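K.L.:
Provided herewith is a single structure, encoded as structure tokens, for subsequent inquiry.
The values are calculated or read from the model by the stated rules, or taken from the named source; none is laboratory data. On a predicted model such as this, the values are computed, not experimentally measured, just so you know. All Cβ positions, glycine included, derive from the backbone under ideal geometry; neighbour counts span all protein chains shown. The area values use the complete protein model at the heavy-atom level, side chains included, leaving out ligands, DNA and RNA. Shrake-Rupley method; radii C 1.70, N 1.55, O 1.52, S 1.80 Å.
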Number of protein chains: 2
Amino acid sequence: MANTVKYELSEDRMPRQWYNLAADLPEPLAPPLHPGTHQPIGPEALEPLFPMALIAQEVSTERHIEIPEPVRDIYRQWRPTPLYRARRLERFLDTPARIYYKYEGVSPAGSHKPNTAIPQAFYNKEAGITRIVTETGAGQWGSSLALAGAMFGIEVDVYMVKVSFRQKPYRRAMMEAYGARCVASPSEETEIGRKILAEHPDSNGSLGIAISEAVEQAAQRDDTKYALGSVLNHVLLHQTVIGQEAMAQMEMAGDYPDIVVGCTGGGSNFAGIAFPYLGAKLREGRDLYIKACEPAACPTLTRGKYAYDFGDTGGSTPLMKMHTLGSSFMPPGFHAGGLRYHGMAPMISHIKELGLIDAVAYQQLECFKAGVDFARVEGILPAPEATHAVKGAVDEALKCKEAGTAKVILFNLCGHGHFDMQAYTDYFAGKLTDVTYDENELQTALGQLPSVAAE
Amino acid sequence: MANTVKYELSEDRMPRQWYNLAADLPEPLAPPLHPGTHQPIGPEALEPLFPMALIAQEVSTERHIEIPEPVRDIYRQWRPTPLYRARRLERFLDTPARIYYKYEGVSPAGSHKPNTAIPQAFYNKEAGITRIVTETGAGQWGSSLALAGAMFGIEVDVYMVKVSFRQKPYRRAMMEAYGARCVASPSEETEIGRKILAEHPDSNGSLGIAISEAVEQAAQRDDTKYALGSVLNHVLLHQTVIGQEAMAQMEMAGDYPDIVVGCTGGGSNFAGIAFPYLGAKLREGRDLYIKACEPAACPTLTRGKYAYDFGDTGGSTPLMKMHTLGSSFMPPGFHAGGLRYHGMAPMISHIKELGLIDAVAYQQLECFKAGVDFARVEGILPAPEATHAVKGAVDEALKCKEAGTAKVILFNLCGHGHFDMQAYTDYFAGKLTDVTYDENELQTALGQLPSVAAE
């Protein structure tokens with residue numbers, strides 16, 4: 001009986017450099033704009049928020065950026081992560097396709113997020129920063145940054161969307177276990193928090209508000225910087241260890257993907273698996289279909305507008321050109337909390353516009369079904385976010401079955417679902433339904449996009 | 001800055017055989033007795049409960065038992081597991097000791113339990129069994145057997161202690177995700193369940209009751225067998241992949257342990273790390289201190305009586321000679337749910353009596369503190385059970401500091417705490433206290449031990 005096979009990369013083959021897609025893009029990214037003047041900003045404008053080393057990465061067009069040895073020392077605790085040939089899933093689907101998945105759930109935080117949390121903490125430490133402030137929605141990013149802070153002896157304050165803070169006490173406990181402070185947002189600790197609470201004392205918060213609070217805190221103190229868990233170029237850059245390892249492992253397996261699949265919230269795990277392959281495609285003209293899988297309830301790439309927008313609710317971040325549902329858009333409740341952001345990484349938005357990748361939106365019920373099928377045949381229970389990638393891969397495998405073609409499909413299983421058992425509990429209890437955004441609300445949010453003359 | 005180091009064993013060095021301590025014991029185990037006649041029973045008496053292949057392992061004195069290839073095929077998905085040199089923990093403790101830990105949390109169930117669930121499901125499948133019934137307390141074993149059932153296409157029914165069933169819906173969801181059926185015990189499905197419910201309609205259940213229910217179900221149908229997640233010889237046997245891998249990895253590290261530490265509930269993860277080393281000690285006379293860490297609230301090895309007792313509450317299992325608090329003993333509530341069993345594996349009880357291992361009981365607060373310290377320096381959040389081993393190792397390292405001796409300490413980190421965040425939430429909220437068993441209750445339970453003439 002053919003069984004699922006693991007391709008384990010030896011530690012000495014762990015990547016020494018991050019791969020920067022900016023070096024291979026046929027057209028450069030649109031520049032970020034100042035939130036007030038709408039003029040392009042230089043790297044120095046980001047200095048209140050990030051250490052210079054990260055800003056340099058944010059704007060770099062170098063193809064390869066060295067991974068510092070202290071970062072590799074910590075990566076090494078769980079990297080290289082395994083890549084599997086999903087033979088049991090193939091048999092279950094009765095597909096001629098060969099399905100591979102890279103598994104990031106073996107990190108101490110259970111997801112891919114530490115891949116960027118660790119270097120972000122490292123560069124802040126190098127710059128003499130003693131405190132990092134961030135926001136978190138579902139809590140995966142907050143707990144990963146808390147872990148990274150513990151590794152480098154940096155204080156971490158996390159503004160957690162209030163509704164999640166209440167509903168997900170376990171994520172908060174994880175952050176506290178790593179020594180971070182976790183605050184419900186909106187809070188009384190920031191000007192914008194107090195303003196929102198004065199107007200809406202019962203505010204549930206939002207990712208956009210939490211970002212505004214964290215940014216405000218970072219801008220106020222010299223010893224404090226801000227950190228973001230997705231969206232920005234340097235964050236996507238750090239995740240490319242995933243795809244680089246996958247390339248080496250696929251070579252061990254003697255296969256090259258025809259199709260690469262990832263789920264997208266802000267875009268970082270998708271970039272991690274896809275960018276190294278996309279770079280090879282751009283340089284070598286290799287045929288490759290790349291598919292981003294997003295939730296139908298927050299369909300940034302498939303329903304958003306490609307336009308300049310703020311990264312936060314308060315309008316304090318630079319304007320970035322990206323697929324956006326509008327910074328005031330509030331997605332309905334659904335269980336893949338990591339995929340609820342109103343925008344999309346500018347670099348992913350850019351390659352979508354260039355026709356280099358495709359995007360598909362899935363409903364949560366079909367994703368949970370795919371996730372449960374996957375757990376039963378492959379043994380790993382995926383995080384609700386990751387079930388979108390599973391669904392995307394399964395659909396491609398079923399197309400292969402129909403067409404009788406033996407394509408090679410690679411997807412990123414970005415995290416395990418052990419923290420998300422409430423979602424599975426609700427799913428099995430029949431309490432989950434498909435949820436779609438409100439079209440009127442979307443149009444209203446899109447109508448409030450800042451009008452930028454440069455567009 | 002010296003960092004924690006991972007010793008990764010390549011897949012081709014994964015053990016091909018389980019190690020059987022029975023081959024090296026200076027004295028044989030006391031035989032199990034029939035629950036009614038109190039006469040020694042032969043292997044055939046276990047046939048209603050287990051497939052013959054497992055019974056043969058239960059009574060075997062062969063030193064090495066081949067691991068079937070289909071079992072290795074599934075082990076391979078997460079084995080060999082990593083072994084770490086805890087350099088950051090050493091620095092944190094400022095100890096000359098060299099601390100190593102084997103990490104079993106990388107399995108799909110997050111603990112060591114699949115090491116035996118997989119072969120148990122395999123041998124049942126080989127024997128034509130289509131359904132396995134088991135009990136679970138906290139749920140780690142139930143979800144691991146559910147996983148194994150999914151891998152081999154066997155139906156799994158889990159009787160889960162009612163109080164846990166209510167308090168831990170996430171564990172139940174995990175079992176259901178793997179396709180198992182999870183029933184609150186006592187249930188209406190068994191004679192003993194109905195009897196208990198008739199007398200105590202509000203019964204919270206206990207592990208002993210759940211075992212009685214599962215055993216009753218298994219004995220009734222030819223297509224159904226029973227499975228146990230710890231205690232029995234064959235279960236301990238399967239876990240020896242842990243220690244065998246650790247020996248190879250310690251060799252890579254160029255070290256040999258002076259001290260081996262594990263936590264004990266039924267004893268299986270402790271046996272996994274310790275037995276291969278104990279065998280080497282018995283054969284080669286090598287000096288080695290082996291330490292079992294148990295909860296002060298259920299102190300089987302340190303306060304139990306070494307006597308014949310039932311494995312369950314209903315008195316339906318064979319009598320086993322073991323350290324026991326009495327099968328009617330109910331431990332007070334504490335958070336390491338996997339360490340709540342009234343008895344101890346007969347083989348571990350036996351070597352304790354022979355003076356080959358030591359045992360220490362710890363309170364939960366000191367264990368949680370050690371667990372949180374560990375998470376902050378090593379990055380991995382331990383399961384509450386595993387914090388007992390962490391505490392045991394830390395104590396030994398601090399003794400080294402005091403004495404100025406550089407001993408080599410190896411412990412088993414048997415699982416991650418991602419399913420146990422309620423415990424950490426309570427800990428951080430200051431809601432946890434130390435709990436000790438009731439001495440009167442213990443004496444009562446010990447007074448009810450079956451009187452066995454053979455003793």
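K.L.:
Of the residues A:196, A:192, A:242, A:209, which single one is hydrophobic (A, V, I, L, M, F, W, C) and either under 18 Å from the mean Cα position of the chain (by Cα) or assigned by TED's automatic domain parsing to the domain that holds residue A:415 (or both)?
P.N.:
Going through A:196, A:192, A:242, A:209 in turn, just one is hydrophobic (A, V, I, L, M, F, W, C) and either under 18 Å from the mean Cα position of the chain (by Cα) or assigned by TED's automatic domain parsing to the domain that holds residue A:415 (or both): A:242.
K.L.:
State yes or no: is residue B:374 within 14 Å of chain A (Cβ to nearest Cβ) and either without any contact (Cβ under 8 Å) to a residue 24 or more places away in the chain or crowded, with 21+ Cβ neighbours inside 10 Å (or both)?
P.N.:
Against the criterion (within 14 Å of chain A (Cβ to nearest Cβ) and either without any contact (Cβ under 8 Å) to a residue 24 or more places away in the chain or crowded, with 21+ Cβ neighbours inside 10 Å (or both)), residue B:374 qualifies.
K.L.:
Among the residues of segment A:41-54, what is the count of those that are without any contact (Cβ under 8 Å) to a residue 40 or more places away in the chain and either touching a Lys or Arg at 6+ places or on another chain (Cβ under 9 Å) or not charged (D, E, K, R) (or both)?
P.N.:
2
K.L.:
With the requirement that a residue be within 14 Å of chain A (Cβ to nearest Cβ) and touching a strand residue (DSSP E or B) at 6+ places or on another chain (Cβ under 7 Å), what does segment B:40-91 give you?
P.N.:
Result: B:76, B:77, B:81, B:82, B:83, B:84, B:85, B:86, B:87, B:89.
K.L.:
What number of residues within segment A:310-361 are among the small types (Gly, Ala, Ser) and within 16 Å of residue A:25 (Cα to Cα)?
P.N.:
Residues that pass the stated criteria total 3.
K.L.:
Could you grab me the full set of residues in segment B:168-201 that are among the basic types (Lys, Arg) and surrounded by fewer than 19 Cβ atoms within 10 Å (Cβ to Cβ)?
P.N.:
B:181, B:194, B:195, listed by residue number.
K.L.:
Related question: Can you name the condition, by its number, that residue A:62 falls short on among (1) in a helix (DSSP H, G or I); (2) in contact (Cβ under 8 Å) with a residue 24 or more places away in the chain; (3) of a type in the set (Asp, Glu); (4) under 23 Å from residue A:237 (Cβ atoms)?
P.N.:
Every condition holds for residue A:62 apart from (1).
K.L.:
Given the conditions (1) within 30 Å of residue A:79 (Cβ to Cβ); (2) open to solvent by 20 Å² or more (accessible area, probe 1.4 Å), report the number of the one that residue B:14 does not fulfil.
P.N.:
The single condition residue B:14 does not satisfy is (2).
K.L.:
Moving on. So, in segment B:153-184, how many residues would count as being of a type in the set (A, V, I, L, M), more than 9 Å from every other protein chain (Cβ to nearest Cβ) and in a helix (DSSP H, G or I)?
P.N.:
The number of residues fulfilling the criteria is 2.
K.L.:
Determine, yes or no, whether residue A:71 is modelled with pLDDT of 95 or more and open to solvent by 30 Å² or more (accessible area, probe 1.4 Å).
P.N.:
Against the criterion (modelled with pLDDT of 95 or more and open to solvent by 30 Å² or more (accessible area, probe 1.4 Å)), residue A:71 does not qualify.
K.L.:
Looking at segment A:321-345 only, could you name the residues that are closer than 25 Å to residue A:22 by Cα and either surrounded by fewer than 24 Cβ atoms within 10 Å (Cβ to Cβ) or outside the structural domain of residue A:263 (by TED's automatic domain parsing) (or both)?
P.N.:
A:321, the sole residue that qualifies.
K.L.:
Regarding segment B:97-107, can at least one residue be identified that is open to solvent by less than 10 Å² (accessible area, probe 1.4 Å), aliphatic (A, V, I, L, M), in contact (Cβ under 8 Å) with a residue 24 or more places away in the chain and farther than 30 Å from residue A:84 by Cα?
P.N.:
Looking for residues that are open to solvent by less than 10 Å² (accessible area, probe 1.4 Å), aliphatic (A, V, I, L, M), in contact (Cβ under 8 Å) with a residue 24 or more places away in the chain and farther than 30 Å from residue A:84 by Cα, one finds at least one in segment B:97-107, hence yes.
K.L.:
So, in segment A:430-455, how many residues would count as being within 14 Å of chain B (Cβ to nearest Cβ) and open to solvent by 30 Å² or more (accessible area, probe 1.4 Å)?
P.N.:
Final tally of qualifying residues: 2.
K.L.:
Same structure, new question: Could you please find all residues in segment A:401-429 being more than 12 Å from chain B (Cβ to nearest Cβ) and either surrounded by fewer than 24 Cβ atoms within 10 Å (Cβ to Cβ) or assigned to a loop (DSSP other than H, G, I, E, B) (or both)?
P.N.:
A:401, A:402, A:403, A:404, A:405, A:406, A:407, A:408, A:414
K.L.:
Just one of B:81, B:95 is at pLDDT 95 or above, under 15 Å from residue B:244 (Cβ atoms) and not basic (Lys, Arg); which is it?
P.N.:
Criteria check complete, one pass: B:81.
K.L.:
If a residue must be more than 18 Å from residue A:173 (Cα to Cα) and either within 14 Å of another protein chain (Cβ to nearest Cβ) or open to solvent by less than 20 Å² (accessible area, probe 1.4 Å) (or both), how many such residues does segment A:121-152 contain?
P.N.:
Residues flagged as more than 18 Å from residue A:173 (Cα to Cα) and either within 14 Å of another protein chain (Cβ to nearest Cβ) or open to solvent by less than 20 Å² (accessible area, probe 1.4 Å) (or both) within segment A:121-152 amount to 9.
Conditions (1) acidic (Asp, Glu); (2) part of a strand (DSSP E or B); (3) more than 11 Å from chain A (Cβ to nearest Cβ); (4) in contact (Cβ under 8 Å) with a residue 60 or more places away in the chain, marked per residue:
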site: B:3; (1), (2), (3), (4): no, no, no, yes
site: B:6; (1), (2), (3), (4): no, yes, no, yes
site: B:9; (1), (2), (3), (4): no, no, no, yes
site: B:12; (1), (2), (3), (4): yes, no, no, no
site: B:15; (1), (2), (3), (4): no, no, yes, yes
site: B:18; (1), (2), (3), (4): no, yes, yes, yes
site: B:27; (1), (2), (3), (4): yes, no, yes, yes
site: B:30; (1), (2), (3), (4): no, no, yes, yes
site: B:36; (1), (2), (3), (4): no, no, yes, no
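K.L.:
Test residue A:360 against the stated conditions and say whether it is in the same structural domain as residue A:439 (by TED's automatic domain parsing) and open to solvent by less than 30 Å² (accessible area, probe 1.4 Å).
P.N.:
No: the conditions fail for residue A:360.
K.L.:
Further, regarding this structure: Which of (1) within 30 Å of residue B:158 (Cβ to Cβ); (2) in contact (Cβ under 8 Å) with a residue 60 or more places away in the chain is the odd one out, the single condition residue B:282 does not satisfy?
P.N.:
Against the list (1) within 30 Å of residue B:158 (Cβ to Cβ); (2) in contact (Cβ under 8 Å) with a residue 60 or more places away in the chain, residue B:282 comes up short only on (1).
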